[in-house]
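The values are calculated or read from the model by the stated rules, or taken from the named source; none is laboratory data. Keep in mind the model is a prediction, meaning the values are calculated, not measured. Note that each Cβ is placed from the backbone with ideal geometry, even for glycine, and that neighbours are counted across all protein chains shown.
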Amino acid sequence: MNSSPITTWEGAGAYFTFADKPAVIAFFLLAATVACFGAIVIGFLHENKSFKNFE
Amino acid sequence: MEQQITDLAAKVAALETSSAMSGTINMEIFYWWCTALMIIIHAGFLAYEMGASRTKNVLATGMKNLLAFAVVVPTFFLFGWWIYLAFPAGFSIDEAAMAGLPWSENMGPNAQDNASGIFWGAFALFAATTSSIMSGAVIERIRLSAFLVLAVVLGSAVWILGASWGWHPAGWLTASWGLHDVGAAGCVHLIAGAFTLGVLINLGPRIGKYNADGTANAIKAHNIPFAVTGLMMIIVGFFGFLGGCIIFVTGDQWTNIYGQPATLSAFSFNTLMAMSGGIIGAWLKTRDPFWMMSGALIGIISAASGLDFWYPPIAFLLGIFAGVTAPMVARFLEKKGIDDAVGAVAVHGYGGVVGLMAVGILGAGYPNMNDMPSVSFTGQFVALIVFAALGFVPGYLLSYAMKAANVLRVPYNVEVAGLDLAESTIEAYPESGASPRPVTSPSPAAVPAE
């Protein structure tokens, strides 16, 4: 898959990967969101497990 | 002759374009290094908080600090920057917010936009700094996951809403009330301090902090030199923070966030004088090096709102006043049963109050831009109420809900044994013999304060 939204640097604007593919941008945005909040959830679950060792 | 004029005009146009581009690049460079310096604030908080904790909790404290930074940055990308652009008028959404949506063309590398990313970065560091203010107060008993949720709410939602209202050229607190809070004493420090107070009320004190009769015990830091050095690093990083508070206008004079002319020279005078006053004031009051270094911080915060216009000796005296009185506020809170491990509410919350109201009392009358109201006591006081409520209410309600769900605080046995055992896979001082104690007795009376 071609990730570049530009074919020339002349007059380039937004040039981040997949800038011209909204569906792909949406996918990565969702993935980043899930990763960020998922990490907090994983941390919460790990704490629950770890705290059991102290009961 | 005509050809010469044409050539000359072309050269002038090229020079203008080149000069404008140089200005743009210089602007980016300026905020890049301000952002880098602000990361030193986090290095400072890391050292400060780890030094302030007991050995059994030192690594968990550090992990909490690092993770706060790590979750505030992406959430500030996801929605924090949008909040800032969206709500200067209150709760209606400004169309400028489109540029802050995480899928916007401005929210990534863009050859036509040298500004969005660098301003986002500076604000993201402001956001991380704001949540770090809370992190020291709640050490040694808050659950890491709960803290991270609170850090995201404070850093990527609450303070940035306050900034949209009062640290924005068109924010309603300035547009309707003439608020002047150049160094963000109100929108960062007061909001963070008030949020922290709300959390502390529900979190409760550390085990052993208070006796049955309500008297408080000092829970001693395990490494004061480390904590004091960390605080000094925060001061260094503060220069990046304050640099980020001034606006680089290509080809023209600096302005503050409200568009009023300002100079880094003014900031230089007043930051250094206020910092010095704060150290002296705290020394006179406490003879405690931890408080002396905190005094530097509160000195700067107390002068921050008017950093662009104080006569420098006034900034010095404000610093002394804040340095003398902040330990008194901390002591008052401690007597009321609020266990703030590092004095964050006193330094930042109270410091923010002093900063805002100093401008209201000593800085009233300064003109605003575009027919907006001048600086006034009333305007500053309205902002104080708004920022305090904006910080306290979400902090209190969210932590109350977490407490009710029993997810706010670590279990009793974990707190006694030490959070490092539960949260870290490595030991802080493996050769020192200062390893966390095993759990012995479940009785609170059997656990002395350390």
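Being part of a helix (DSSP H, G or I), of a type in the set (Val, Ile, Thr) and either surrounded by fewer than 15 Cβ atoms within 10 Å (Cβ to Cβ) or modelled with pLDDT of 95 or more (or both) is a property that B:Val375 lacks.
When we screen B:Ala383, B:Ala428, B:Ala417 for residues that are at pLDDT below 95, away from every other protein chain (no Cβ under 14 Å) and buried (at least 19 other Cβ atoms within 10 Å of the Cβ), the only hit is B:Ala428. Residues considered: B:Phe126, B:Phe119. Of these, the only one that is among the aromatic types (Phe, Trp, Tyr), surrounded by fewer than 24 Cβ atoms within 10 Å (Cβ to Cβ) and in a helix (DSSP H, G or I) is B:Phe119.
Look at (1) at pLDDT below 95; (2) within 14 Å of chain A (Cβ to nearest Cβ) and you find that B:Ala96 fails only one, number (2). Scanning the range A:23-35 for residues that are surrounded by fewer than 12 Cβ atoms within 10 Å (Cβ to Cβ), more than 7 Å from every other protein chain (Cβ to nearest Cβ) and more than 30 Å from B:Val407 (Cβ to Cβ) turns up at least one hit. Filtering the range B:195-225 to residues that are aliphatic (A, V, I, L, M), within 21 Å of B:Ala404 (Cβ to Cβ) and buried (at least 19 other Cβ atoms within 10 Å of the Cβ) leaves B:Leu197, B:Val199, B:Leu200, B:Leu203.
Residue count for the range B:129-166, restricted to those that are outside any helix (DSSP H, G or I), more than 12 Å from chain A (Cβ to nearest Cβ) and under 18 Å from B:Ala401 (Cβ atoms): 2. Away from chain A (no Cβ under 14 Å) and either assigned to a helix (DSSP H, G or I) or crowded, with 21+ Cβ neighbours inside 10 Å (or both): does that describe B:Ile83? In short, yes.
None of B:Leu59, B:Leu46, B:Leu66 is in a helix (DSSP H, G or I), free of Cβ contacts under 8 Å to residues at least 60 places away in the same chain and closer than 30 Å to B:Pro205 by Cβ except B:Leu66. Is it true that some residue in the range B:318-325 is among the β-branched types (Val, Ile, Thr), over 19 Å from the mean Cα position of the chain (by Cα), in a helix (DSSP H, G or I) and farther than 24 Å from B:Thr130 by Cβ? Taking every residue of the range B:318-325 in turn, at least one turns out to be among the β-branched types (Val, Ile, Thr), over 19 Å from the mean Cα position of the chain (by Cα), in a helix (DSSP H, G or I) and farther than 24 Å from B:Thr130 by Cβ.
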